[in-house]
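First comes the structure, then the notes that go with it.
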Amino acid sequence: MVLSAIVHHEAVERVVILGRGGAGKSTLARRLGAATGLAVTELDALFWPAGLAAMDDASWAACQRELVQREAWILDGDLGPYDREVLSPLAQPRYIVPRLIVTPPGGARAAAGFAVRRALGRPVQARVVYHAVPSALGTNKQLATAFQQAWNDRVSPGELLYTGSPEGAGILQVQRGDDPFAVTTQIRTLWR
């Protein structure tokens, strides 16, 4: 169904397929490439050029920049722990995206209250940490927005923030260099 929708959408020129190993990314990419005529690039083959020796950070960043400058493409891959920019402490990204962390309710009564609040559209307590949009996709707002939409679909709701804005600069100042998976990095907020 998804393949059919993409194939029949003439405006689609750039597709990124991400997922865990064995999920069918490469199969989907090949089928989509055959159906659309778009060139398919397997990221794993580029990232691991010499067997088990991963590409160094500078070379990988340059490779990503070159790939996304092409006019039309399909990229597929799972770089696991090597998706450094998204998973690492914030350095100096151009755009950031939030990841909301909701503590699971303790007990049946708390779970019921949580469900009722969500069903009524009321906010629930959550913490938020920010992750960098990969620099190759942060080169322009259109690519960063595409990343944000995929992030919202697969990871967490929330708006893309430009770190040059007052709000983005403030968050970057507070969280720069902090591990996004450490509890101390989490900023309390309300999840709406």
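The numbers here are math on the coordinates, done by the rules we state, and not lab data. Small disclaimer: the values here were computed from a predicted structure and weren't measured. For neighbour counting, all protein chains shown are included, and Cβ atoms are generated from backbone atoms with ideal geometry for every residue, glycine included.
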Subject >> Gyration tensor verdict on the range 87-191 (Cα atoms; rounded if a/c is under 1.5, prolate if a/b is larger than b/c, oblate otherwise) >> reply: prolate
Original post:
Once you put a point 7 Å from the Cα of Asp179 and another 7 Å from the Cα of Arg109, both along the Cβ direction, what distance in nm separates them?
Top reply: 3.6
**OP:** Search the structure for amide H atoms under 5 Å from the amide H of His131, placed 1.01 Å from N in the peptide plane, and list their residues when 5 or more places away or on another chain.
**Re:** Val97, Arg99
Subject >> Other-chain or far-sequence residues with amide H under 5 Å of Val124's (modelled H) >> reply: Trp191
Subject >> Tensor-based shape of the range 127-177 (alpha-carbon gyration tensor, a/c under 1.5 rounded, otherwise prolate or oblate) >> reply: oblate
Original post:
What is the fewest-to-most order of Leu160, Leu137 by other Cβ atoms lying within 10 Å of their Cβ?
Top reply: Leu160, Leu137
**OP:** Before anything else, pin down the relative contact order of the range 87-191: Cα pairs under 8 Å, at least 6 apart, normalised by residue count, whole percent.
**Re:** 44
